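Asks: First the structure, then my questions, so here it is.
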């Protein structure tokens, strides 16, 4: 049960893939890399649902034996008011877990053995407004999972989470559908400048602070995907994230690689990134 | 009306056209969608459409073999199918109580409310694709007399079922959402039901016609009303 949480906690899995033709966003985990890692450590299925926690101050209590795992941002983790540094944690009934200060990174993931078991709606458990009952979780919510009767005797090998990639500031991008419509000057600016993540950063999109004045006209509505970088007529760059709409009218100038989308998801407002253009290699 | 091909990253491939969005372009887009589905089937995870684009998300990264197969397909003369004759009739209450921007629109455009209702209910609108919100239909066919720029500052909350005008387009908000369109009415019809296997009732290529109903009728029509459909 969630005892307290700030806005931005949700159940997420691989998302709703294949339903874009009805206007349904993919949603799903923002940082796919940390998601894959924690489900791997828990010996879960790749698509098992986890909790995505965007802000410190999350606290929950467990009512049964279970193994949980934490990945993503590095944060102070308190188990029954004691600081712990474990990646995998054995829980017994009554245990309380609190996520304190984020030391670096933007999102903490809590995985659980066999995944969280909220209702599957349109092929996914991912919270999304008007598709699942709630768009976000709040205090008092109970999130179902399969309980163990007790823990097995196996001990966890101590796993050291490699976090160097969280500090990467270069995002690899492919030229988007409208890249060629950019002026030569715009193209140089986009790859040679550093950009700052603005405070307008959420599960739908990360907006960048620096403007890219341009003269590309608005387009007729066209498909967009997580990782699509849109450029508004006012020069704002918007990087679309997992909850983004399936179509948009702004020119689509870049497309992030999947790995860069995970890297970006872990960035906080005020942090800087730069784009590195990648050409498509056909294997 | 041959499509052009571009690749956006290793697993996104896009067909695009320069022609203006018309029934004829839509016919081509839908026919190409079908051709891709039959040619590539399970290799394509998702196909999304826009007014001039068809974007495919592939299950795995494109390789030289699959790239060649896409190029070959693009060279084919596919069979262009005709559009469906199906027309969905959507009841809309154009009362100022539910169409909160109706009066302002009437004043700005110097068109009487009766004439707005008339101009909005006469055409049949073609569904081009779904986007923006789950179950939101992009419709073509709004009378140019009703074209009106979107609001500079979007409204924080537009009710589910609101029928609105934004630029050269008209549409129905399937769910409550922020939005910058001018609300001229409201339908009691449910446009998106996430608990159904088929959460929407209509398909791209089919048509929509709005039927004006009174506020009384609006309140009488039960919430679970399904739209009526003309015979094919």
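Asks: Can you name the condition, by its number, that residue B:184 falls short on among (1) at pLDDT 90 or above; (2) under 30 Å from residue B:31 (Cβ atoms); (3) in contact with a strand residue (DSSP E or B) (Cβ under 9 Å, 6 or more places away or on another chain)?
Replies: In the conditions (1) at pLDDT 90 or above; (2) under 30 Å from residue B:31 (Cβ atoms); (3) in contact with a strand residue (DSSP E or B) (Cβ under 9 Å, 6 or more places away or on another chain), residue B:184 misses (2) alone.
Asks: Out of (1) more than 11 Å from every other protein chain (Cβ to nearest Cβ); (2) in contact (Cβ under 8 Å) with a residue 40 or more places away in the chain; (3) not in a strand (DSSP E or B), the odd one out for residue A:260 is which?
Replies: (1)
Asks: Of all residues in the range A:2-60, which are at positive phi and touching a strand residue (DSSP E or B) at 6+ places or on another chain (Cβ under 8 Å)? It would help to see each step written out before you state the result.
Replies: So the first thing to find is which residues in the range A:2-60 are at positive phi, and the list is A:8, A:15, A:18, A:23, A:27-28, A:43, A:57.
Result: A:8, A:15, A:18, A:23, A:27, A:28, A:57.
Asks: Among A:131, A:89, A:77, A:68, which is the only one that is crowded, with 22+ Cβ neighbours inside 10 Å, touching a residue at least 12 places away in the same chain (Cβ under 8 Å) and assigned to a strand (DSSP E or B)?
Replies: On the way: A:131 fails: assigned to a strand (DSSP E or B); A:89 fails: crowded, with 22+ Cβ neighbours inside 10 Å; A:77 fails: crowded, with 22+ Cβ neighbours inside 10 Å.
Of the residues listed, the single one that is crowded, with 22+ Cβ neighbours inside 10 Å, touching a residue at least 12 places away in the same chain (Cβ under 8 Å) and assigned to a strand (DSSP E or B) is A:68.
Asks: Can you tell me which residue within the range A:234-255, out of those that are within 19 Å of the chain's Cα centre (by Cα) and within 8 Å of chain B (Cβ to nearest Cβ), is nearest to residue A:197 (Cα to Cα)?
Replies: That would be A:255.
Asks: Would you say residue A:115 is within 14 Å of chain B (Cβ to nearest Cβ) and either touching a strand residue (DSSP E or B) at 6+ places or on another chain (Cβ under 8 Å) or touching a residue at least 40 places away in the same chain (Cβ under 8 Å) (or both)? Steps first, please.
Replies: On the way: within 14 Å of chain B (Cβ to nearest Cβ): no; either touching a strand residue (DSSP E or B) at 6+ places or on another chain (Cβ under 8 Å) or touching a residue at least 40 places away in the same chain (Cβ under 8 Å) (or both): yes.
Spelling it out, it is not the case that residue A:115 is within 14 Å of chain B (Cβ to nearest Cβ) and either touching a strand residue (DSSP E or B) at 6+ places or on another chain (Cβ under 8 Å) or touching a residue at least 40 places away in the same chain (Cβ under 8 Å) (or both).
Asks: Do we have residue B:180 as buried (at least 21 other Cβ atoms within 10 Å of the Cβ) and in the same structural domain as residue B:137 (by TED's automatic domain parsing) here?
Replies: Numbers: buried (at least 21 other Cβ atoms within 10 Å of the Cβ): no; in the same structural domain as residue B:137 (by TED's automatic domain parsing): yes.
Against the criterion (buried (at least 21 other Cβ atoms within 10 Å of the Cβ) and in the same structural domain as residue B:137 (by TED's automatic domain parsing)), residue B:180 does not qualify.
Asks: Also, I was wondering about something else. Please verify whether the range B:49-59 includes one or more residues that are assigned to a helix (DSSP H, G or I), in contact (Cβ under 8 Å) with a residue 40 or more places away in the chain and farther than 28 Å from residue B:177 by Cβ. Give the derivation first.
Replies: Filtering the range B:49-59 for residues assigned to a helix (DSSP H, G or I) gives none.
The answer is no, given that none of the residues of the range B:49-59 is assigned to a helix (DSSP H, G or I), in contact (Cβ under 8 Å) with a residue 40 or more places away in the chain and farther than 28 Å from residue B:177 by Cβ.
Asks: For the range A:159-186, how many residues meet the condition of being more than 14 Å from chain B (Cβ to nearest Cβ), over 21 Å from the mean Cα position of the chain (by Cα) and crowded, with 16+ Cβ neighbours inside 10 Å?
Replies: Of the residues in the range A:159-186, 2 are more than 14 Å from chain B (Cβ to nearest Cβ), over 21 Å from the mean Cα position of the chain (by Cα) and crowded, with 16+ Cβ neighbours inside 10 Å.
Asks: Further, regarding this structure: Going through the range A:208-233 one residue at a time, which ones are more than 12 Å from every other protein chain (Cβ to nearest Cβ) and either in a loop (DSSP other than H, G, I, E, B) or surrounded by fewer than 20 Cβ atoms within 10 Å (Cβ to Cβ) (or both)? Explain how you work it out, then say what you get.
Replies: Within the range A:208-233, the first condition is being more than 12 Å from every other protein chain (Cβ to nearest Cβ), and the residues that meet it are A:208-217, A:230-233.
Those that are more than 12 Å from every other protein chain (Cβ to nearest Cβ) and either in a loop (DSSP other than H, G, I, E, B) or surrounded by fewer than 20 Cβ atoms within 10 Å (Cβ to Cβ) (or both): A:209, A:210, A:211, A:212, A:213, A:214, A:215, A:216, A:217, A:232, A:233.
Asks: Is the range A:22-35 home to any residue that is surrounded by fewer than 22 Cβ atoms within 10 Å (Cβ to Cβ) and assigned to a loop (DSSP other than H, G, I, E, B)?
Replies: Scanning the range A:22-35 turns up no residue that is surrounded by fewer than 22 Cβ atoms within 10 Å (Cβ to Cβ) and assigned to a loop (DSSP other than H, G, I, E, B).
Per-residue answers, yes or no, for (1) surrounded by fewer than 18 Cβ atoms within 10 Å (Cβ to Cβ); (2) within 12 Å of chain A (Cβ to nearest Cβ); (3) modelled with pLDDT of 95 or more; (4) within 20 Å of residue A:21 (Cβ to Cβ):
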site: B:2; (1), (2), (3), (4): yes, no, no, no
site: B:12; (1), (2), (3), (4): no, yes, yes, yes
site: B:15; (1), (2), (3), (4): no, yes, yes, yes
site: B:27; (1), (2), (3), (4): yes, no, yes, yes
site: B:61; (1), (2), (3), (4): yes, yes, no, no
site: B:74; (1), (2), (3), (4): yes, no, no, no
site: B:79; (1), (2), (3), (4): yes, no, no, no
site: B:88; (1), (2), (3), (4): no, no, yes, yes
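Asks: So if I check each of B:31, B:108, B:38, which one is away from every other protein chain (no Cβ under 14 Å), free of Cβ contacts under 8 Å to residues at least 24 places away in the same chain and assigned to a helix (DSSP H, G or I)? I'd like the intermediate steps shown before the answer.
Replies: Values: B:31 fails: free of Cβ contacts under 8 Å to residues at least 24 places away in the same chain; B:108 fails: free of Cβ contacts under 8 Å to residues at least 24 places away in the same chain.
None of the other options fit; the residue is B:38.
The values are calculated or read from the model by the stated rules, or taken from the named source; none is laboratory data. Predicted, not measured: the structure shown is a model, and the values here were computed from it. In this analysis, Cβ positions are derived from the backbone assuming ideal geometry, glycine residues included, and neighbour counts consider all displayed protein chains.
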